[in-house]
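Can you keep this structure in mind? I'll have questions shortly.
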Amino acid sequence: MKTKLKFSFLALAVVLAFGACTKDNSYTLDLSGPKDTSTIVLKDVTDIPLGAAVTFNLFKTNSTYAGITKAQFDGITFGNELKNNSIVSSTGVFNYAVADEFYNLASNAGLSVYGHTLAWHSQQAASYYKTYAGIAGTGAPELLLNGGFEDGSGTSFTNWAAYNGAASFASGTGSNVRTGTRSLQVTVATSGQAYAVQMASDLFNTTIGTSYTVTWYIKAASAGGVMRMSTQPTAQYQGDQTIGTAFTQLSFTFVAKDNQTRILFDIGQSANTYWIDDVSVKEVGGSQVTPAVVTKVDQALNDFITTTVTRYKGKIKAWDVINEMFAGDGNIRNNSNTSTTEADVFVWSNYLGRNFGVKAFGYAAAADPAALLFINDYNLESQPVKLDSLIAYVKEIKAKGAKVDGIGTQMHISYNSDYSKIDQMFQK
């Protein structure tokens, strides 16, 4: 009979990371067609190490699940059991009991274990870390007025001005509103220069040399829309952003060049109808990022990484050191471009900035110099801006001495995925 396998292939990121980083091109893969698992074993189809993401309770209690895992795969990645909030309690106590038992079960079954993950923004002991570091819960104040376009009427939006293409702007209603009762609707009749259709905010106070993040939600009537964000008086430009048909949050981080700044939606490049809602401008980190807070966050990161990697030194031989550090638009995550409403979210890079990677990889390498260390992210095959930012960042931190052995590409693929984009990703 043909067995149906229902596994999460998160660990394929691990396989592809190893494959992408090695210079040994001797791996082979039999692509002759579907395999009957009653007569052939998946791990025998290729000499690439093949793994799957597996959960502890099922592996321990379900003999069928465990049997398929042992028979079909070379190794496993724990689904959750090595993540921060599975180990660190709300009072900061570390408990590795489940992770230890899971490791022993896997090792005794002849399965290698890939470590996932040492530093992520999700599934963290966030309440403990905020208390430990003395971080207030309110975050940075909002700098932009009428970011939801609620104030005003008709084609008028209080605190906003149409700099170009005034006839293009109207009120969005109904399903074209993300929150509240209005959004900004922009109808671009003819493709042209980005600045030909332009909506500008009022000036807001900024501090020269300080970083600010703009976030907004946008969608288009048809796929393939294009827009960018810019600033005045000193012009700074975001790269072109591709817009889809569902509300998606985008972000743009800039360093202030003036004591007052305005943002502009430059949206005249591609003919389409767009809807924009819930625009926000906040200082990166805001008043939360004091030297004392940074020191405590750094200590907490060091403690978790060093303790965890040391515990499994020589046992777990490869780790995702950092997971999903970049937003979809290629910016490093912070508390403005990443939702922090969930109780388990703690954005390490909001406090440690670009040094986050240098520190995290440094702590992991010091704890186990022989371990392979990776930075992992998702949608790299479909978001080239994110991929380019990640590659540039790896080069940056390696130049500063970080030991980075490769990039994990956490692909969400199906039979109709665009393989040319996957090829382009690996070629980069």
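Which one is nearest to the chain's Cα centre (by Cα) among residues in the stretch 95-130 that are closer than 13 Å to T69 by Cβ and part of a loop (DSSP other than H, G, I, E, B)?
L111
Quickly run through the stretch 387-428 and pick out the residues that are part of a loop (DSSP other than H, G, I, E, B) and either touching a helix residue (DSSP H, G or I) at 6+ places or on another chain (Cβ under 8 Å) or modelled with pLDDT of 95 or more (or both).
To start, the set of residues in the stretch 387-428 that are part of a loop (DSSP other than H, G, I, E, B) comprises 400-405, 411-418, 428.
Passing the criteria: K400, G401, A402, K403, V404, D405, M411, I413, K428.
Kindly provide the set of residues from the stretch 161-180 that are touching a residue at least 24 places away in the same chain (Cβ under 8 Å) and under 30 Å from the mean Cα position of the chain (by Cα), ordered by number.
Once the filter is applied, which keeps residues that are touching a residue at least 24 places away in the same chain (Cβ under 8 Å) and under 30 Å from the mean Cα position of the chain (by Cα), the stretch 161-180 yields G172, N176, V177, R178, T179, G180.
Further, regarding this structure: Quick test for you: out of I305, I322, I316, pick the one residue that is within 30 Å of S107 (Cα to Cα), part of a loop (DSSP other than H, G, I, E, B) and in contact (Cβ under 8 Å) with a residue 24 or more places away in the chain.
Criteria check complete, one pass: I316.
Listed here are the residues, each with its yes/no results for (1) assigned to a loop (DSSP other than H, G, I, E, B); (2) within 21 Å of G401 (Cα to Cα); (3) in contact with a Lys or Arg (Cβ under 7 Å, 6 or more places away or on another chain).
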site	(1), (2), (3)
G328	yes, no, yes
N335	yes, no, no
S339	yes, no, no
V345	yes, no, no
A360	no, yes, no
Y363	no, yes, no
I375	no, yes, no
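In the stretch 349-386, how many are within 12 Å of the chain's Cα centre (by Cα), at pLDDT 95 or above and of a type in the set (A, V, I, L, M, F, W, C)?
1
Just give me the residues in the stretch 68-90 being in a strand (DSSP E or B) and under 23 Å from Y132 (Cβ atoms), in sequence order. Full working, then the answer.
To start, the set of residues in the stretch 68-90 that are in a strand (DSSP E or B) comprises 75-78, 88.
Within the stretch 68-90, V88 is the sole residue that qualifies.
Among the residues in the stretch 195-203, are any of a type outside the set (A, V, I, L, M, F, W, C), free of Cβ contacts under 8 Å to residues at least 40 places away in the same chain and surrounded by 14 or more Cβ atoms within 10 Å (Cβ to Cβ)?
Among the residues of the stretch 195-203, not one is of a type outside the set (A, V, I, L, M, F, W, C), free of Cβ contacts under 8 Å to residues at least 40 places away in the same chain and surrounded by 14 or more Cβ atoms within 10 Å (Cβ to Cβ), which makes the answer no.
So, of the residues in the stretch 37-72 that are among the aliphatic types (A, V, I, L, M) and more than 24 Å from H116 (Cα to Cα), which turns out to be modelled with the lowest pLDDT?
I40
Any residue in the stretch 27-36 that is at pLDDT 90 or above, of a type in the set (V, I, T), part of a loop (DSSP other than H, G, I, E, B) and assigned by TED's automatic domain parsing to the domain that holds N302?
So far as the stretch 27-36 goes, no, none of its residues is at pLDDT 90 or above, of a type in the set (V, I, T), part of a loop (DSSP other than H, G, I, E, B) and assigned by TED's automatic domain parsing to the domain that holds N302.
Name the one entry in A140, A133, A126 that is in contact with a helix residue (DSSP H, G or I) (Cβ under 7 Å, 6 or more places away or on another chain), closer than 21 Å to V289 by Cα and buried (at least 21 other Cβ atoms within 10 Å of the Cβ).
Step by step, each of A140, A133, A126 is checked, and only A140 is in contact with a helix residue (DSSP H, G or I) (Cβ under 7 Å, 6 or more places away or on another chain), closer than 21 Å to V289 by Cα and buried (at least 21 other Cβ atoms within 10 Å of the Cβ).
The values are calculated or read from the model by the stated rules, or taken from the named source; none is laboratory data. The model shown is predicted, which means the values in this text are computed figures rather than measured ones. A quick note on method: Cβ atoms are made from the backbone with ideal geometry, for glycine too, and the neighbour counts reach across all protein chains shown.
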